[in-house]
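Where a number appears in this text, it was derived from the coordinates with a stated rule and is not lab data. These numbers were taken from a predicted model, which means no experiment stands behind them. Heads up, the Cβs are rebuilt from the backbone with ideal geometry, glycines too, and the neighbour counts pull from every protein chain shown.
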Amino acid sequence: MKPSARPAQTDASTAGDDAAPAVELLGAAKTYGTGHAEVHALRGVDLTVLPGEMVVLLGPSGSGKTTLLNLVGGIEPPTTGRVVVGGREITDFDEKARTTYRRGTVGFVFQFFNLVPTLTALENVRLVAELTGRGDRERAMHALEDVGLADRADHFPAQLSGGEQQRVAIARAIAKDPPLLLCDEPTGALDLETGLGVLRTLQRLNRAGRTLLVVTHNAAIAAIAHRVVRMRSGEIVTVTTTDTPGDADEVTW
Ligand SMILES: Nc1ncnc2c1ncn2[C@@H]1O[C@H](COP(=O)(O)OP(=O)(O)OP(=O)(O)O)[C@@H](O)[C@H]1O
Ligand SMILES: [Mg+2]
């Protein structure tokens with residue numbers, strides 16, 4: 001069935017369709033401002049991400065990478081076109097439905113980890129998972145184990161390295177068990193060594209079946225992706241696909 005023929009679903013609480021592409025952008029465009037201040041951040045982008053894929057978005061500053069993530073993450077709706085995630089049409093979700101969708105379906109990881117400094121690693125993880133009623137200690141500990149930081153659960157952010165803080169932020173994003181992880185420059189604030197730890201963590205999560213959409217300037221992340229999407233001026237200019245993505249243990253920075 002062609003994606004455009006799929007019936008639209010508008011209920012944010014619907015579980016979604018396991019067989020569907022993880023993400024579909026169909027002519028998705030985003031324009032900010034009006035008149036002279038008009039900015040075409042995205043100009044009619046088509047992109048399909050399959051379940052379990054790791055897709056990297058590359059492109060110069062201002063090319064629309066974050067805007068694309070924001071549309072997929074339900075942070076804002078497209079101006080025109082459609083956004084379908086896990087078979088669910090999220091294009092026309094109202095604010096309430098988008099909030100439910102964001103909390104339940106998507107894990108976000110940002111360049112600056114934004115941990116709460118007065119809470120421990122474990123408490124930071126539980127805080128966000130609690131929004132979906134999944135903030136129990138056991139689940140949060142499991143997420144910290146997943147990123148290799150169970151032994152740092154009671155440490156405060158200031159007691160952790162940058163890479164460890166980012167891995168706590170990743171644990172926070174996966175604790176609610178979202179099928180889709182959206183990462184915007186996850187190694188952007190990290191040096192080589194700590195960035196590599198984050199890279200290995202992302203690959204492990206991907207190999208465990210999670211779908212990842214990762215914005216980066218980092219060639220090492222592109223090397224471990226199934227697909228590399230290059231953007232320029234709000235458009236996709238090339239898509240490179242490989243069946244044999246690199247191993248994060250072997251990449252050179
Ligand atoms: N809320 C907004 N209001 C107005 N213009 C915006 C807004 N958000 C983004 N833009 C503009 O849209 C364009 C795309 O921005 P976007 O943040 O998606 O770029 P990017 O590829 O993520 O860049 P970077 O690598 O610097 O993060 C830019 O020209 C930006 O100035
Ligand atoms: Mg950006």
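Structure above, values below:
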item: Among V56, V237, V128: highest mean-square fluctuation, GNM of the chain, C-alpha pairs under 10 Å; result: V237
item: Fraction of antiparallel bridges per DSSP, the range 43-241 only, in percent to nearest 5; result: 30 percent
item: Rg to Rh, two decimals, where the chain supplies the alpha carbon set and Rh follows Kirkwood; result: 0.96
item: Efficiency of FRET from Cβ geometry, V239 and E138, R₀ 41 Å, rounded to 0.05; result: 0.55
item: Under-25-angstrom lysine pairs by C-alpha in the chain, whenever the two are 8 or more apart or on separate chains; result: 6
item: For the range 134-182: rounded, prolate or oblate by the Cα gyration tensor [a/c cutoff 1.5]; result: oblate
item: Max mean-square fluctuation residue, GNM over the chain, Cα-Cα springs under 10 Å, options G86, G188, G107; result: G188
item: Largest-first principal axis extents of the Cα set of the range 134-253 (Å); result: 45, 29, 28
item: Listed residues G197, G104, G133, most fluctuating in the chain (Gaussian network, C-alpha, under 10 Å); result: G133
item: Full-stretch length increase - A219, L192 - with 0.36 nm per residue and alpha-carbon distance subtracted; result: 8.5 nm
